[in-house]
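Throughout, read-outs are computed from the coordinates displayed, never taken from laboratory work. Being a predicted model, the structure only gives us computed values, none of them experimental. With ideal geometry, Cβ positions are generated from the backbone for all residues, glycine too; neighbour counts draw on all protein chains shown.
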Amino acid sequence: MLKFTCPYCGIEASETELHAGGEAHLKRYGPGSADEEFEGYLFLRKNPKGVHLERWRHAMGCGKWFLAARHTSTLEVFGTYPAQTHEPPAEILEKIRAKYPEALK
Amino acid sequence: MSDPQSALGGAVYQGYLTVKDAGAQGMLTLRGDHATLGAAVKAATEQGVPAQRQIEGGLGGGAAWASPDELLLFCDYSAAPEALEKARKALEGQYFLAADVSDARAIFTLEGPGIRDLLAKLCPADFAPKALPTGEFRRSHIGQVAAAFWLESEERATVVCFRSVAQYMFDLLSKAAEPGSELGYFAPTAS
């Protein structure tokens, strides 16, 4: 079972209390950007079998969006962090690199 | 004025514990920065702002931590409009949201032994006394629908859900409370 600790309310929430929101840390390309960049922003997503950074919403709970780092096939969770973050915290990156040096490249 | 009606008109199911529609209950939603809501909570419920995931007081006058920027306040049904007015007055000039949600929710009380076991059948939350101490306000889902609940003691709990799913919630809780279906995992049951 997939479980994340919500960084806003501290509850260890199980998957049924959460709603998946797809890839995290997307950069928005708006008006004036190249067609390729806009296409990438709209449609192209990573789908790794391995470490992935994702958006999740604590839907059946405090209702807040947060970000999580997990392994998509082992369901190992490296950590969760607030949505107002532009990149994963150093300690989570360290944890990931210690186990999967090739991940997130 | 017409009499206030709760969703199920005080329905009761007597199983190995008692499931009861708690009747019409005054409830306010208060949103804003918790640090600035103290005066409004005090004015509406006579309680302090609860710490993370805690509830201060109870149904007669209480404040529950619903999210980092939301509180659920409890008061008597008839006192709700006045409490709302008081809260609004206390926060005048600030950025906040206050709404009377008394008629949008339903409240059930559970009374008897084995409450942790009963809720654990229906909800993914961790019901170990360490993970969910009495006085902790937990939002999750019960069966298919969103719900919030807290244990006042090991023998008394309150469940809050949307009024539109009150019948579903009552049926679910009643079914789980049928005599003979005790789990006896967290607490030995009476029978």
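The figures follow:
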read-out: Charge context of residue B:151, other residues only, Cβ under 11 angstrom, K/R +1, D/E -1; value: -1
read-out: Averaged over A:9-18, number of beta-carbon atoms from partner chains that fall within 10 Å; value: 5
read-out: Average Cα contact separation per residue, chain A, under 8 Å, 6 or more apart, as relative contact order %; value: 26 percent
read-out: Folded to 0 to 90 degrees: helix B:80-90 orientation relative to chain B principal axis, Cα; value: 40 degrees
read-out: Cα→Cβ-extended label distance, 7 Å offset, between residue B:145 and residue B:95, nm; value: 3.4 nm
read-out: Charge tally in the Cβ shell below 11 Å around residue A:50, where Lys, Arg are +1 and Asp, Glu are -1, residue A:50 excluded; value: +3
read-out: Residue B:66 long-range amide H proximity, modeled H, under 5 Å; value: B:71, B:72
read-out: Tilt relative to chain B, helix B:166-176 - C-alpha long axis, 0 to 90 degrees, to 10; value: 30 degrees
read-out: Distance (nanometres) between label positions extended 7 Å along Cα→Cβ at residue B:185 and residue B:153; value: 2.5 nm
read-out: Positive-end residue, region B:12-176 charge dipole about Cα centroid, Cβ charges, pick of B:101, B:150, B:29; value: B:150
read-out: GNM result for chain A, Cα springs below 10 Å: residue of A:42, A:53, A:18 fluctuating most strongly; value: A:42
read-out: Length gained when the stretch residue B:52-residue B:5 is fully extended (0.36 nm per residue, less Cα-Cα span); value: 13.7 nm
read-out: In region B:63-95, chymotrypsin sites (Phe, Trp or Tyr not before Pro) in a DSSP loop with at most 11 other beta-carbon atoms within 10 Å; value: B:95
read-out: For residues of B:136-145, the mean tally of beta carbons on other chains within 10 Å; value: 3
read-out: Pair residue B:31, residue A:73: separation of 7 Å Cα→Cβ label points (nm); value: 4.2 nm
read-out: Surrounding net charge for residue B:17, when Lys and Arg each add one and Asp and Glu each subtract one, Cβ distance under 15 Å; value: -3
read-out: Relative contact order, percent, region B:12-176 [alpha-carbon distance under 8 Å, six or more residues apart]; value: 25 percent
